Amino acid sequence: MKVLIAGAGSVGRHMAEQLALSGHDVRIVDVEPSVVGDKADGGPIDGVTWFLGDACEVGFLNKIGIETIDVVAAVTGDDEDNLVISLLSKQEFAVPRVVARVNNPKNEWMFNEMWGVDMSVSTPHLLTALVEEAVNVGSMVRLLSLEGGKTHLVEVTLAPDSPALKKEVGGLGLPREAAVVALVRAGHVIVPRNDTVVQGGDEVLVLVSLGSEAEATDAAIRAALVG
């Protein structure tokens, strides 16, 4: 897979390193000469090709061959830049998959399909959700938004009085827009089947597709798992 990472800060560099170790063809771009240094001009370093330039410019993206890229990750520290990069990648070059970083949670609503974003990650929101997940037994916590907010990954740690206890996954009564994708039990991840029985203390991860009946879907999940 060919990946273009826009933004060579700590997030971008870590992503590039991990993706390169997994065997992917990684290109990383940054506008700051001090960040790129002598790694510019396309010289591969540890499986990563570095470029010095502005990923918000169509000419530069065309120059580095974005038309061959499978995934663009816009992870600069500026939300405006990330939105511009996402929009150009999707609309001008039809990149199949665009992932964008949200720096300010107040801007999260803009990171959607209209701006070319297939998936956005808000670090502050995610950290808040993880804290809530750790302390709020019996509460439903949104961990991640996908497809521009149309799909959510939510988590519930089952309380001792949860109506879901001792039921099979297939018998939880979740709406058709929701599916249990994993259980975390005693520190181990379980890929559930319909006959998997849930237990007290299980962390239940549910993938939810939110359509026009978003509130009803949310309420149905809460009723089935929280009570």
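Just a few scattered comments:
- Cβ-derived FRET efficiency at R0 22 Å, Asn107 paired with Val58, nearest 0.05: 0.45
- Here the Karplus relation 6.51 cos²θ - 1.76 cosθ + 1.60, evaluated at θ = phi - 60°, turns the backbone of region 82-99 into coupling constants of 4, 5, 5, 4, 5, 5, 5, 4, 7, 7, 8, 10, 6, 5, x, 9, 10, 10 Hz, with x for every Gly and Pro.
- Estimated FRET transfer efficiency (Thr151, Asp38; beta-carbon r; R0 41 Å; 0.05): 0.45
- Electrostatic dipole magnitude of the chain [Cβ: Lys, Arg +1; Asp, Glu -1; Cα centre; debye, to 20]: 620
- DSSP finds beta bridges in the chain, and of those with both partners inside it, around 55 percent are antiparallel.
- Net charge contributed by nearby residues that have their C-beta within less than 14 Å of Glu32 (K/R +1, D/E -1): -3
- Here the label points at Ala94 and Glu215, each 7 Å from Cα along the C-beta direction, are separated by 4.1 nm in the simple model.
- Nearest-0.05 FRET efficiency for Glu67 and Val184, computed from C-beta distance (R0 35 Å): 0.30
- The local environment of Ala55, defined by Cβ-Cβ distances under 9 Å, has a net charge of -4 under the rule Lys, Arg +1 and Asp, Glu -1.
- The three principal axes of the C-alpha atoms in region 28-109 carry coordinate ranges of 37, 26, 22 Å, sorted with the longest axis first.
- Cβ-based exposure ranking for Thr217, Thr76, Thr123, in which fewest neighbours within 10 Å come first: Thr123, Thr217, Thr76
- Our summary gives the chain a relative contact order of 13 percent, counting only alpha carbon pairs under 8 angstrom and 6 or more residues apart.
- Considering only His24, Leu225, Ser86, the residue lying farthest towards the positive end of the dipole of the chain is Leu225, judged by Cα position with unit charges set on Cβ.
- Our coupling estimate for region 12-27, obtained by passing each phi through the Karplus curve with A = 6.51, B = -1.76, C = 1.60 and θ = phi - 60°, is x, 5, 5, 4, 4, 4, 5, 5, 5, 4, 7, x, 8, 8, 10, 10 Hz, Gly and Pro reported as x.
- For the chain, the spread of Cα coordinates along the three principal axes comes to 60, 35, 28 Å, biggest extent given first.
- Partners of Lys39 within straight-line reach, counting lysines whose Cα lies under 18 Å from its Cα and excluding those fewer than 8 residues away in the same chain: Lys63.
- From least to most packed, judged by other beta carbons within 10 angstrom and beginning with the fewest, Glu155, Glu168 follow the order Glu168, Glu155.
- Taken about its Cα centre, region 1-71 carries a charge dipole of roughly 100 debye when the Cβ of each Lys and Arg holds +1 and the Cβ of each Asp and Glu holds -1.
- Value of D in µm² per second that Stokes-Einstein yields for region 136-225, Kirkwood Rh from Cα pairs, at 37 °C (0.692 mPa s): 252
- Proximal lysines relative to Lys150, as straight alpha-carbon distance under 30 Å, when same-chain residues fewer than 8 apart are discounted: Lys2, Lys90, Lys106, Lys167
Where a number appears in this text, it was derived from the coordinates with a stated rule and is not lab data. Owing to the predicted nature of the structure, the values given are computational and were not obtained by experimental measurement. Ideal geometry is used to build each Cβ from the backbone, glycine not excepted, and the neighbour counts take in all protein chains shown.
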